Number of protein chains: 2
Amino acid sequence: MNIREQARKLKEDSIRMAILSADIRNHALAAAAAALEKNKAVIMDANQQDLKAAEADQVAAPILKRLKFDESKLQGVIEGIHQLIELPDPLFQLQLSRELDEGLTLYRETCPIGVIGVIFESRPDALVQIATLCLKSGNCAILKGGSEAMQTNRVLFETIYHAAVEAGLPEGCMAQAEMRSQIDELLECDDSVDLLIPRGSNAFVRYIMDHTKIPVMGHADGICHVYVDQDFDLHKAIPIIVDSKTQYVAVCNATETLLVHRKAAKKLLPELAKAFAQKHVEIRGTKEVQDIIQCASADEQDFKTEYLDYIISVKLVDSMEEAAEHINHYGSHHTDSIITENKETAQRFMQLVDSAGVYCNCSTRFSDGFKYGFGAEVGVSTGKLHARGPVGLEGLVTYKYKLFGEGHIVADYAEGRKQFHFRDL
Amino acid sequence: MNIREQARKLKEDSIRMAILSADIRNHALAAAAAALEKNKAVIMDANQQDLKAAEADQVAAPILKRLKFDESKLQGVIEGIHQLIELPDPLFQLQLSRELDEGLTLYRETCPIGVIGVIFESRPDALVQIATLCLKSGNCAILKGGSEAMQTNRVLFETIYHAAVEAGLPEGCMAQAEMRSQIDELLECDDSVDLLIPRGSNAFVRYIMDHTKIPVMGHADGICHVYVDQDFDLHKAIPIIVDSKTQYVAVCNATETLLVHRKAAKKLLPELAKAFAQKHVEIRGTKEVQDIIQCASADEQDFKTEYLDYIISVKLVDSMEEAAEHINHYGSHHTDSIITENKETAQRFMQLVDSAGVYCNCSTRFSDGFKYGFGAEVGVSTGKLHARGPVGLEGLVTYKYKLFGEGHIVADYAEGRKQFHFRDL
């Protein structure tokens with residue numbers, strides 16, 4: 001079957017998925033966890049093949065590291081599935097119960113979104129997390145992982161898929177796309193795919209957003225900021241800035257720009273320069289920054305750049321408000337942090353900054369589904385509709401309104417014979 | 001200012017709107033209500049001009065009726081504003097409070113979406129409802145009403161706008177577009193408009209969806225169904241079907257197709273034909289339907305058609321499941337109703353049908369923000385993301401995550417020196 005046919009099959013079966021009880025879905029997850037454990041040797045073999053091929057292709061070290069799927073990563077994802085099973089069912093949750101009139105009762109109940117296409121990087125653990133999040137939330141999923149992980153992904157997918165179907169999930173609960181060319185096919189399936197979640201480079205995500213009518217949830221770039229206010233604690237500031245920049249440079253929630261209140265600059269910057277020197281971070285500062293510390297120069301373009309590298313741009317500002325304006329203008333509405341001892345300034349910053357995550361006195365690297373206690377995430381959204389920030393189970397459901405009557409018609413209300421009384425139950 | 005400049009001004013001021021207290025927003029609404037009352041004569045004059053121009057242009061009677069804005073409609077919208085003031089504030093609501101670790105606390109708080117563009121039909125009361133819903137929810141709004149209502153809309157807009165700004169709302173809280181050509185300009189403002197809500201014809205809404213990168217909330221067509229199950233009560237069925245079809249034919253929640261269980265057909269159809277004859281409804285039935293009652297013939301195309309007229313297509317099915325399949329295939333996921341005395345069949349139908357509204361023993365015409373007790377609606381969404389069904393205040397807000405730390409960094413957790421404990425507060 002090509003992707004279009006598979007998507008149509010998933011769409012058909014999405015209704016069957018939507019009516020399954022939490023027990024059956026959790027049972028399928030448990031079966032998937034057991035099957036992964038059982039197929040350990042085959043999975044490791046497949047991963048060795050991917051690793052060898054990647055090494056032969058001289059793939060960069062960070063990608064190799066993410067591609068590697070060893071015993072400890074396998075135990076990690078199995079443990080993750082057991083945690084997911086324990087999480088409350090996101091489906092069939094009543095969000096509203098209201099009597100509109102005698103005998104006419106409205107309910108709003110959560111239900112799956114339907115068919116979700118997820119395109120993700122060459123990380124085998126991502127396949128397991130995304131697949132199991134979709135199954136737990138009653139969604140059918142089309143998964144396309146990075147090609148470097150093809151052998152590992154194929155075994156992981158087959159293992160989870162067969163366990164799930166044996167446990168009673170419909171045949172069209174999941175499908176896998178393996179070829180890059182299938183992504184363009186997937187983008188055209190707007191009649192059967194309800195949501196796309198692309199993860200990857202800025203250019204890739206923008207390509208997806210610009211070439212499909214399917215709603216897209218995700219983020220293109222992650223230009224995150226730390227702003228150091230005039231009332232700051234140096235002992236908090238330095239570790240937070242260093243962590244935000246260097247704890248993992250290749251990710252969307254790493255900080256790219258540091259904004260510093262003019263009154264804080266002389267105390268902060270020399271200490272920061274020392275700390276960054278130890279971590280081999282290149283500082284690119286404006287003229288004013290260069291007057292205080294020795295560093296490369298930053299221009300307008302730097303503030304628009306997601307380095308994903310050991311580079312940070314630095315600029316001085318006159319006030320918290322100016323910092324917030326800079327962030328709203330240059331940022332990507334992902335995650336931005338203020339370092340201040342002044343609670344009022346913090347609260348105001350957090351209201352003024354129009355981002356999915358607004359932080360006070362902590363590292364931007366905390367914006368992540370695991371760290372928020374969501375169990376896992378399918379991605380991070382910088383859009384404002386539906387889910388914003390790290391997207392876990394809750395972002396994978398929608399709702400429907402159910403209205404129960406006893407022969408109720410609208411003419412009675414339009415013509416004044418009856419009146420609504422709206423009473424929440 | 002052209003639309004692009006206006007949109008940019010609104011975007012800038014959207015941050016100022018977002019931090020206003022509920023008191024100030026409600027005060028602005030009260031001022032708007034008072035100003036509408038005060039400007040009554042000017043408003044009525046403007047509406048007379050619109051009505052005269054529309055009559056001269058031989059505009060159809062239903063449009064004239066919606067265009068007319070008399071004393072009773074004015075009192076209706078003023079009353080609506082007072083009800084809106086009484087509704088709880090949708091902003092600054094905590095949706096989650098969680099301690100991730102000692103001193104590291106996560107909150108999720110509602111906030112406005114930002115700048116919303118609404119394009120709506122020639123109904124002056126719609127302008128007032130949409131403008132006030134946006135102000136109550138802290139959003140900046142660009143309003144484009146139907147051109148037939150231009151004079152009335154201009155006076156209504158100016159009245160509300162000046163009252164709001166005098167009451168302390170920012171200058172960029174609202175803008176009005178009057179020319180059709182400005183719609184295309186608006187579609188290109190994806191850097192400053194966060195959401196578009198188009199209301200209008202199928203073709204118009206599709207045009208909007210296909211020509212912008214801005215997220216669109218709404219519905220193109222409204223092909224709603226009533227399904228009559230084998231266990232049905234004739235005394236409920238006939239009024240519900242007649243109401244669903246005829247209470248207001250020109251709207252999205254009017255029923256276009258009736259599905260009837262084969263075992264119900266002989267009892268239902270002759271009675272229904274009589275009732276529809278009185279209302280001058282044309283029945284278009286399949287061959288099997290024509291074997292029972294005299295009617296026009298329906299083909300495949302009929303089941304894909306939103307008549308918005310006194311016409312209904314009728315088809316027999318073997319089971320509730322077949323009805324649900326037909327609805328999921330041909331429908332527009334808007335609102336669909338089952339008529340049955342069997343509660344289990346009803347529950348299953350309501351799970352199987354993938355629509356924003358799934359009803360039992362009541363008219364499809366109930367799907368509406370007012371009738372759901374939302375106060376008013378900005379539109380009805382048949383999409384599955386963000387808001388589904390009638391969209392009131394709740395659909396006009398999003399949320400942000402606020403994380404408060406005391407110098408917390410991710411390296412401590414990544415390297416095992418600290419552990420999250422996730423405790424909901």
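The values are calculated or read from the model by the stated rules, or taken from the named source; none is laboratory data. The shown structure was predicted, so the numbers you read here are calculated from the model rather than taken from an experiment. So basically every Cβ, Gly included, is an ideal-geometry build from the backbone, and we count neighbours across all protein chains shown. Ligands, DNA and RNA are excluded from the accessible area calculation, which covers all protein heavy atoms including side chains. Shrake-Rupley method; radii C 1.70, N 1.55, O 1.52, S 1.80 Å.
For residue A:384, are the conditions met, namely being touching a strand residue (DSSP E or B) at 6+ places or on another chain (Cβ under 7 Å) and of a type outside the set (Asp, Glu)? Spelling it out, residue A:384 is indeed touching a strand residue (DSSP E or B) at 6+ places or on another chain (Cβ under 7 Å) and of a type outside the set (Asp, Glu).
Quick one: would you say residue A:247 is modelled with pLDDT of 95 or more, out of contact with any strand residue (DSSP E or B) (no Cβ under 7 Å at 6 or more places or on another chain) and not β-branched (Val, Ile, Thr)? Criteria met by residue A:247. Listed by first and then second residue, the pairs with beta-carbon distance under 9 Å, at least 6 apart or on different chains, first residue in segment A:410-421 and within 16 Å of residue B:372 (Cα to Cα), second open to solvent by 80 Å² or more (accessible area, probe 1.4 Å), are A:410/B:248; A:411/A:417; A:413/A:419; A:414/B:248; A:418/A:102; A:420/B:370; A:421/A:102. Mind listing just one residue for me: the one in segment B:103-122 that is over 21 Å from residue B:136 (Cβ atoms) and within 17 Å of the chain's Cα centre (by Cα) and, of those, farthest from the other protein chains (Cβ to nearest Cβ)? Residue satisfying both the conditions and the ranking: B:122.
The selection criterion, being of a type in the set (Phe, Trp, Tyr), at the interface with chain B (Cβ under 9 Å from one of its Cβ atoms) and under 20 Å from residue A:140 (Cβ atoms), does not hold for residue A:359. The condition of being in contact (Cβ under 8 Å) with a residue 12 or more places away in the chain and touching a helix residue (DSSP H, G or I) at 6+ places or on another chain (Cβ under 8 Å) holds for only one of B:4, B:8, B:66, that being B:4. Hey, any hits in segment A:208-217 for a residue that's basic (Lys, Arg) and touching a residue at least 24 places away in the same chain (Cβ under 8 Å)? Taking every residue of segment A:208-217 in turn, none turns out to be basic (Lys, Arg) and touching a residue at least 24 places away in the same chain (Cβ under 8 Å). For residue B:306, the conditions (1) away from every other protein chain (no Cβ under 14 Å); (2) modelled with pLDDT of 95 or more; (3) more than 20 Å from residue B:239 (Cβ to Cβ) are fulfilled apart from (2). Here segment A:1-29 is the region considered, the condition is being of a type in the set (D, E, K, R) and out of contact with any strand residue (DSSP E or B) (no Cβ under 8 Å at 6 or more places or on another chain), and the residue that is surrounded by the most Cβ atoms within 10 Å (Cβ to Cβ) is A:25. The set of residues in segment A:128-158 being touching a residue at least 24 places away in the same chain (Cβ under 8 Å), over 28 Å from residue A:92 (Cα atoms) and either in contact with an Asp or Glu (Cβ under 8 Å, 6 or more places away or on another chain) or surrounded by fewer than 24 Cβ atoms within 10 Å (Cβ to Cβ) (or both) consists of A:144, A:145, A:146, A:147, A:148, A:149, A:150, A:151, A:152, A:153, A:154, A:155.
The strands (runs of 3 or more DSSP E) falling completely within segment B:366-425 that include 1 or more residues that are over 23 Å from residue B:125 (Cα atoms) and open to solvent by less than 20 Å² (accessible area, probe 1.4 Å) map to B:397-408. Residues of segment B:247-261 that are farther than 19 Å from residue B:377 by Cβ and out of contact with any Ser or Thr (no Cβ under 9 Å at 6 or more places or on another chain): B:249, B:259, B:260.
In segment B:47-68, the condition of being part of a loop (DSSP other than H, G, I, E, B), more than 21 Å from residue A:329 (Cα to Cα), of a type in the set (S, T, N, Q) and open to solvent by less than 80 Å² (accessible area, probe 1.4 Å) is met by no residue.
Restricting attention to segment B:399-415, the residues being of a type in the set (Asp, Glu) and more than 7 Å from every other protein chain (Cβ to nearest Cβ) number 2. Close contacts from segment B:372-399, counting a first residue that is over 22 Å from residue B:221 (Cα atoms) and a second that is among the acidic types (Asp, Glu) and open to solvent by 20 Å² or more (accessible area, probe 1.4 Å), with Cβ to Cβ under 8 Å and a gap of 6+ residues or different chains, come to B:374/B:394; B:399/B:109. Taking the criterion of being in contact with a helix residue (DSSP H, G or I) (Cβ under 8 Å, 6 or more places away or on another chain) and more than 7 Å from chain B (Cβ to nearest Cβ), the residues of segment A:383-398 that qualify are A:387, A:392, A:393, A:396.
Quick check on my filter: what residues within segment B:75-89 are surrounded by 11 or more Cβ atoms within 10 Å (Cβ to Cβ) and either polar (S, T, N, Q) or in a helix (DSSP H, G or I) (or both)? First the steps, then the outcome.
So in segment B:75-89, the residues surrounded by 11 or more Cβ atoms within 10 Å (Cβ to Cβ) come out as B:75-85, B:87, B:89.
Across segment B:75-89, the qualifying residues are B:75, B:76, B:77, B:78, B:79, B:80, B:81, B:82, B:83, B:84, B:85.
Only a single item in (1) in contact with a strand residue (DSSP E or B) (Cβ under 9 Å, 6 or more places away or on another chain); (2) modelled with pLDDT of 95 or more; (3) within 14 Å of another protein chain (Cβ to nearest Cβ) is not met by residue B:288, and it is number (3).
Restricting segment B:218-244 to residues that are outside any loop (DSSP other than H, G, I, E, B) and away from every other protein chain (no Cβ under 14 Å), which is farthest from the chain's Cα centre (by Cα)?
Of the residues in segment B:218-244, the ones outside any loop (DSSP other than H, G, I, E, B) are B:224-228, B:234-244.
Adding the requirement that they be away from every other protein chain (no Cβ under 14 Å) leaves B:225, B:227.
Working: B:225: 18, B:227: 24 Å.
Residue satisfying both the conditions and the ranking: B:227.
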